[in-house]
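Asks: Quick one: the structure is below, questions incoming.
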Amino acid sequence: MAAWYKQATSRRRIFNLQLLALMPVGIAALFNTGYQYLRVLAENPALESGDIRGRIARGLGASYQHPGIVDMLAAGLAHLLPILVLALITGGVWERIIANRRQRPMESGFILIALLFTLLLPGAVAFSHVVFGMSFAILVGKAIFGGEGKTFLSPALLGIAIVQVSFPGSAGQHPLWQGLTGYGGSEAFALFHRGGEAALNAADINLWSAFIGNTPGPMGTTSVLAVLLGALLLLVTRIISWRLLVAQIFGLAVFVTLFNMSGAESGVGAMTIHWHLLLGSFLFGAVFLACDPVASCCTNPGRWIQGFVIAALVVLIRVANSTHPDAVIPALLLASIMAPLIDHAVIAINIRRRSRRHV
Amino acid sequence: MPGSIGLETSKVSRIALSGRDFRGVNFELLCQPGDEVQAGAVLMRDARRPAIQFVAPVAGSIASIERGARRKLISLQIDVDESAGVVRYQPPETQERDSLREFMLASGAWSSLRTRPFGNIPHPDAEPAAILVTALDAEPLAPEPQPVIEAFSEEFHAAVNALAGISAAPLYVCQAPGQALTPGGSSKLRYVSFSKGYSAGLPGVHINALCPIGFGGGEAWHIGYQEVIALGHLLLHGSPWLQRIVSIGGNAVKNPRSLCVYPGSAVSELLADELHDGPIAILSGSTVYGRKLAEGEAFLAAGQRQITVQRDVVGEARAETGVLVPGDALEELAPPGIYAVPLLRALQVGDAERARELGALELVEEDLAPLSLACQSGCDYGVLLRAVLDQLESLR
């Protein structure tokens, strides 16, 4: 029976649910990262890296000859875990320092930020970049605004964006990454950019493998299936706004169709809607970054508008800018900065309409 | 005629008029403890607007007059003794504005009108932009208005026509869909139906939809259906209506049902032998818009239609972060047409101007009660709203 005892969903409960929603993505990330690593090694064993990730993978016994589930899991753990731990330590240290200086209890939100940030990175990211991005996320993304709930951008989004713009092409020293596109997003997307569907077929990427996430890319964003599971949980528990999510996907369909109809013969302009959804990190960003309740519009009309803005920007950057084949991170950043402006306009219209009816 | 609508009657031995039900009134007492009073006898009036009078809801003797800080009236308690009799009021001979108003003021019925903005008793000479009769109740476990109105339909319609006569403004009867209150009488009468959610019965929602209030000085008046019936009783029979229909419900109540009680009944007497054992929380109102009864609020409020008693959840502390996290839940609990998050933010920072633009003048504390519960910031938006309203009232 209604609200009196159905009190505020506590911060802790929301936090736990958000972590839970990221679990399918995390598991998919483990297997896919391991799989991609071992696949590259199987083709070219000389690429085996000597850094700590490669050594852990070897130490855990991940074999690239006929790799099984256990091998993939071991290789995935060897890549994801060091990055995650490093991000957690970086975030935790900053949080501790800030909590001490402000004489306030430490906030736990950095755990979620670290997890999101890690899942948006490629398995081959340089450790120094992890520390840099995570520091930026906590300090500039969160602390200077006063902490959790007072930010206007998703801190993880800001962290990943700063890594992308600071080191645009430098993640190529590792077999997992092979110098395709730097941090700027999805290799699968870059493949399409260069050779269309034929290039995807040549790289063994089909609809099914893209759906379950068996494609190269940032660790957590490749599996559409896992993202959908997380989205389902967040929608059922009403942590994210369904309007914003639907607006993004519907907007993507509209703008992709427009570009398809405009007669592009090749390249991303001719890419159909299902590939837009399956490749790259659009859905991951749409669910876990764009729908951050604090950093998105707070009025319902504003949410619809913001969703369409995100979709328009994603499609536009994807089509027009081949150096940013995935486009999701810059699009989300721009849309997130615009959110207060959109709200302002929506509220102004509402006020004007009210004042006309006033007695 | 207690029990005439077939409900169980619960007679308590003590009732009270509570000062907090009449905001902004500076009470001037016209009686003393120990006085014998008839039902309908004038007990108090507003010192600043002496035409506004407050009458004894039931006959008996004045038991005590409780005062708080700065001698503010907390409650005027009466030990019920029906044998003391009833004051008769001569119904007005004409349906003219002035004679109707005079009758309402003299008989105490005027004090059951409320204004928006601010939720005060209207000034005796004021002109509203609209008068709203709240003839529906959408909250969980509230008594059904329709059988009550049907049982007293003569009184109800007489009073509605009289209310239409006290001003030139339209009179809206807000009812549930399918509740066929037959239109008739004055051409100023409009019948409007509201549905959708628990908030459908809130005057704030009706006013928002029918006559949004700006800063031009306009105001809307509203009155609950039971107070309308009470006015009708005065008009038709010349004597006050000695009962109100109140429901008791909630998961700590053994036998949830509607009761016929005296206005202002002592809650503890009503709930005697009604509750399960264990820690409880008594709410004035429903689980959605109800307010936990504070210490010393032991009597039914004016216009209150339900008491909810819930098992208290011990040990589950509220997460109070001080931070407003927007979400669909806030939007759904806000009165329709009002943007919850911008309004709550304006209230948090005390931005009276923005809050007014976003519709704060149409609201009072009860409208924001569910938002205070749903928001994890732990803010009591009712208190913040009142602070903003006080600021706006002083500017008006």
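Laboratory data are not the source of any read-out in this text; all were calculated from the coordinates shown. In this text the structure is predicted, and so the values were computed from the model without any measurement. Every residue, glycine among them, receives a Cβ derived from its backbone with ideal geometry; neighbour counts consider all protein chains shown.
Asks: I need the shape label for chain A. Rule: rounded when a/c is under 1.5, else prolate if a/b > b/c, else oblate, with a, b, c from the alpha carbon gyration tensor.
Replies: Here chain A falls in the oblate category.
Asks: Mind listing the phi-derived Karplus ³J(HN,Hα) values for segment A:237-246, rounded to whole Hz, using 6.51, -1.76 and 1.60 with θ = phi - 60°, and x for any glycine or proline?
Replies: Result, ordered by residue: 7, 6, 7, 10, 7, 5, 4, 5, 5, 5 Hz.
Asks: Follow-up question, since we're still on this one. Are there GluC sites (Glu not before Pro) in segment B:84-134 that DSSP puts in a loop and that have at most 15 other Cβ atoms within 10 Å, and which ones?
Replies: Here the GluC sites (Glu not before Pro) that fit, given the DSSP loop and packing criteria, are B:GLU93, B:GLU96.
Asks: Placing +1 at every Lys and Arg Cβ and -1 at every Asp and Glu Cβ, with all other atoms neutral, what dipole size does the protein assembly as shown have around its Cα centre, in debye to the nearest 20?
Replies: Its charge dipole is roughly 1580 debye.
Asks: Continuing with the same structure: About its Cα centre, what dipole magnitude does segment B:328-395 give when the only charges are +1 on Lys and Arg Cβ and -1 on Asp and Glu Cβ, stated in debye to the nearest 20?
Replies: The calculation lands at about 180 debye.
Asks: For chain A, modelled as a GNM with alpha-carbon contacts under 10 angstrom, which of A:ASP51, A:ASP326, A:ASP292 fluctuates the most?
Replies: A:ASP51
Asks: Continuing with the same structure: What value, in deg cm²/dmol to 500, does the helix sum -39500 (n - 2.57) over DSSP H runs of n ≥ 4 give at 222 nm once divided by the residues of chain B?
Replies: -7500 deg cm²/dmol
Asks: I would also like to ask the following. Run the reach check for B:LYS11 against lysines, Cα to Cα strictly under 24 Å, same-chain hits fewer than 8 apart removed. What comes back?
Replies: Once the sequence-local lysines are set aside, what remains near B:LYS11 is B:LYS254, B:LYS292.
Asks: What longest region of chain A stays clear of trypsin sites (Lys or Arg not before Pro) that DSSP places outside H, G, I, E and B and that have at most 16 other Cβ atoms within 10 Å?
Replies: A:7-149
Asks: Now a separate question. Just to be sure I understand the model, the point goes 7 Å from the Cα along the line to the Cβ. What's the resulting B:LEU236 to B:ASP81 distance in nm?
Replies: 3.2
Asks: Hey, another quick one. Determine which lysines satisfy two conditions relative to A:LYS150: a Cα distance under 24 Å, and not lying fewer than 8 residues away in the same chain.
Replies: A:LYS142
Asks: Can you tell me how segment B:215-362 classifies by the Cα gyration tensor, rounded, prolate or oblate, using a/c under 1.5 as the rounded cut?
Replies: Oblate shape, in that a/c is at least 1.5 and b/c is the bigger or equal ratio.
Asks: Can you tell which of B:ALA346, B:LEU373, B:LEU385 lies farthest toward the positive end of the dipole of segment B:328-395, using +1 and -1 charges on the Cβ of basic and acidic side chains (Lys, Arg; Asp, Glu)?
Replies: The one lying farthest along the dipole's positive direction is B:ALA346.
Asks: Further, regarding this structure: Quick one: dipole size for segment A:11-344, taken about the Cα centre, charges +1 on Lys/Arg Cβ and -1 on Asp/Glu Cβ, in debye to the nearest 20.
Replies: Dipole magnitude for segment A:11-344 comes out near 1100 debye.
Asks: For chain B, rounded, prolate or oblate, judged on the Cα gyration tensor with a ≥ b ≥ c (square roots of eigenvalues), a/c < 1.5 rounded, else prolate if a/b > b/c?
Replies: Note, shape of chain B comes out rounded.
Asks: If you restrict to DSSP beta bridges whose two residues both lie in the protein assembly as shown, what percentage is antiparallel, to the nearest 5?
Replies: 65
Asks: In whole Å, how far is the Cα centre of segment B:183-222 from that of segment B:240-265?
Replies: When both Cα centres are located, 26 Å separates them.
Asks: Top mean-square fluctuation among B:GLY214, B:GLY378, B:GLY278, Gaussian network model of chain B, C-alpha springs under 10 Å?
Replies: Of B:GLY214, B:GLY378, B:GLY278, the most mobile in the Gaussian network model is B:GLY278.
Asks: Run through segment B:60-142 and list the trypsin sites (Lys or Arg not before Pro) located in a DSSP loop whose Cβ has at most 14 other Cβ atoms within 10 Å.
Replies: Of the trypsin sites (Lys or Arg not before Pro), the ones in loops of segment B:60-142 whose Cβ has at most 14 other Cβ atoms within 10 Å are B:LYS72, B:ARG88.
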